[in-house]
Structures are given as structure tokens and as C-alpha cells.
Amino acid sequence: MDSKDLNAEAYPLDFLPRLVGSFASPASENPTVAIVEAAFRHHGLHYRYINCEVGHDQLKAAVEGAKAMGWRGFNCSIPNKVEVIKYIDDLGESARIIGAVNTVIIEENGTTRGENTDGKGFVKAISDVTSVQGKRVVLLGAGGAARAIGVEMALAGVSEIMVLNINESGRALVDLLNQRTPAKATFVLWNHTFDIPADTDIVINATPVGLYPNVEQRLNIHAETLKPNMVVADCIPNPVYTHFVKYAIGRGCQHVLPGMNMLVNQAVIAIKYWTGENVDAEVMRKELKRVFGL
Ligand code: NDP
């Protein structure tokens, strides 16, 4: 289908789009609005995505407001992914295990369900280049993104996950994975320059090291231990080419996935929840590259 400049073109006599959006703080750096609206235009979906600056203080009111205005749902990002659970009715299976929600669906009757598409989007990005079944994973970081990725990768069939974290709090993710998923997880206290074990299949950066504006920050790993047979993935969406991604490309790793892939895929899944439509990830990837000037 050709892209359309305005949804009104597709729906000339319907001036009431369905609404979705995002509640986060800070909100202005998040490019999700651009890529989701590009998908809506491309597919002629009569929806708008409203990016809102909302922190903890106003989250309850924002959720009530979205329900009152008939929104179809919303994303949550920092700092609301855990907090929002207080204000919704139900949780999807993996969101319950992860303990965080990034996508809320509001049903026609006003009931709300929280899902977590971060890890699902990540698994989709990896599955586009390799099977995850039985694979050994090194996961750098143990925060919200690592939790979502670890749980979804484990539920999707990876066999071993080595979690690295700069302090002992990372053990909680290892316990969660061992208790609630079939994968075997181990913990490494990351207080030294780390050698990626040679038998690793997939290496994932789920820390903010290298995230804009700290683009010169580098992970505390021996980059030369990345091998060409390893799949390397970064969660950082901005910049697209982090030092980690550039190292992996330089080391000849055959599959190197920037965080942009995860961002696009989690949005595809969120749109499916809200609209029932399977939108074209390529349209969103192109828009993301356009807004980043790539
Ligand atoms: P959190 O703050 O929840 O977790 C960050 C993790 O990184 C923690 O384990 C933290 O350790 C660790 N960490 C922090 N600083 C360092 C450092 N200097 N060296 C090593 N480890 C460090 O953040 P999120 O999990 O929400 O986000 C992590 C990254 O993932 C961000 O860059 C974010 O942009 C990205 N992300 C991307 C998404 C996408 O769609 N592409 C979706 C969601 C997140 P500690 O235990 O000490 O806090």
C-alpha cells in the first residue's frame, strides 16, 4: 500500500482517530512516536500516537485520563515501567515474570492489561538472524532491559545465560531466571575487564554504556574476545553505531544487531496489541534512520 500523508485522506469523513501514546519522563528524546506514526500512515490506520511527559506523580491521573478519553493503550518508559502495575487490572505472562510493563492495552470496556514487548522485540530481532534454541548467552547488565531480554530469551529456548553486573544486585535476575524459566543462569560480578567465553553464541549489551550523550563510553570487556561466529546485539537505540557495535563489526562478527532493531520490533508488537494489524517493520526502520539522519 502507498504511504499516505494524513490519515484523514484515508478516512475523509471520520475526524476521530483512535489514540495511543506514551507516558515517560524524559519523553522528548524517544523516537517511538515518529516510527509508530510512520507505520499508521503507511498502513492507513486511523490512529494517532501522543508522546507525553509523565512521571510517577501524574501517572495515575494519566492512566485514568487515557481510559476516560477512550485511548486504545499506551507505552510506558522510564520511570514508569514498574509503577504503572499499580494502576492496571491484569498482566500478561512474561510481564508478570519480568515485573515490568512497557505496553498497556485498554479494552473497549475500559479494562487494562500490561505487557512487556521489550524482550519480545529483542527475541524477534535475534530470531531474524539465528535460532535461539539451545544457545549460550552472555548478558551485560541486569536492569530493566536485561530482565525483559533474559526472561524472553529463556522462554524462547536459550539454554544458558551468564549475567554480568557491576554490583551484586544482578544476582536477583539470575535467581529469577533459575526459578521461573527453564534456562540455567549464572552470575559474574563485573569488576574487571571481561573476556567473552569462546563458546558463547550470543552477546548482548543491556547497559546504558555508550548511550547518547555518553557516546564515548566503552564496555569493560576485551573486545578481541568477540569471535566472528558470535551474534552481537546492543540495546542502545541512539546512537545506532555504538563502540560495541563497531567493535563487533570490526571483529568480523557475522550478525551484529544495533538497538534500533529491538526498538522497531517492540513497536511492531505493541501496534499489533492495539490495532490487531501486523505493520511493516521496514517502514519504521526507514523512518528511524531518517530522523537520525542516517
Ligand atoms: P537500567 O538502569 O534498568 O539498567 C542498567 C543496567 O546497566 C544495570 O544493570 C546497571 O547496573 C548497569 N550499568 C549501569 N552503568 C554501567 C556501567 N558503567 N558499566 C556496566 N554496567 C552498568 O536501564 P534499562 O535496563 O532500562 O536500559 C538499559 C539500556 O537499554 C539503555 O541504554 C536503554 O536505552 C536500552 N533500552 C533499549 C530498548 C530498545 O527498544 N532498544 C528498550 C529498553 C531499554 P546497576 O545494577 O549498578 O544499576
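The values are calculated or read from the model by the stated rules, or taken from the named source; none is laboratory data. Source: prediction; values computed, not measured. Because the Cβ atoms are built from the backbone with ideal geometry, glycine has one as well, and the counts that use them run over all protein chains shown. Calculation scope for accessible area: heavy atoms of the full protein, side chains included, ligands and nucleic acids excluded. Shrake-Rupley method; radii C 1.70, N 1.55, O 1.52, S 1.80 Å.
In the set 108, 152, only one residue is charged (D, E, K, R) and not in a helix (DSSP H, G or I); that residue is 108.
Taking segment 131-146 as the range and being farther than 15 Å from residue 234 by Cβ and either near the ligand (Cβ under 7 Å from one of its atoms) or open to solvent by 30 Å² or more (accessible area, probe 1.4 Å) (or both) as the test, the residues that pass are 131, 133, 134, 135, 136, 142, 144.
Filtering segment 46-81 down to residues that are under 23 Å from residue 260 (Cα atoms) and among the aliphatic types (A, V, I, L, M), which residue is farthest from the chain's Cα centre (by Cα)? Here the answer is 50. Within segment 79-99, the set of residues being within 15 Å of residue 149 (Cβ to Cβ) and open to solvent by 10 Å² or more (accessible area, probe 1.4 Å) comprises 81, 97, 99. Taking first residues from segment 147-159 that are open to solvent by less than 10 Å² (accessible area, probe 1.4 Å) and partners that are among the hydroxyl-bearing types (Ser, Thr, Tyr), the Cβ contacts under 9 Å between residues at least 6 apart in sequence or on separate chains come to 148/94; 148/117; 150/181; 151/94; 151/181; 153/181; 154/181.
A quick yes/no check of all residues on (1) open to solvent by 30 Å² or more (accessible area, probe 1.4 Å); (2) touching a residue at least 40 places away in the same chain (Cβ under 8 Å); (3) at positive phi; (4) part of a strand (DSSP E or B):
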position: 169; (1), (2), (3), (4): yes, no, no, no
position: 191; (1), (2), (3), (4): yes, no, no, no
position: 199; (1), (2), (3), (4): yes, yes, no, no
position: 203; (1), (2), (3), (4): no, yes, no, yes
position: 217; (1), (2), (3), (4): yes, no, no, no
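So, in segment 220-234, of the ones that are open to solvent by less than 20 Å² (accessible area, probe 1.4 Å) and assigned to a loop (DSSP other than H, G, I, E, B), which residue ends up nearest to the ligand (Cβ to nearest atom)? Ranking the qualifying residues of segment 220-234, first place goes to 226.
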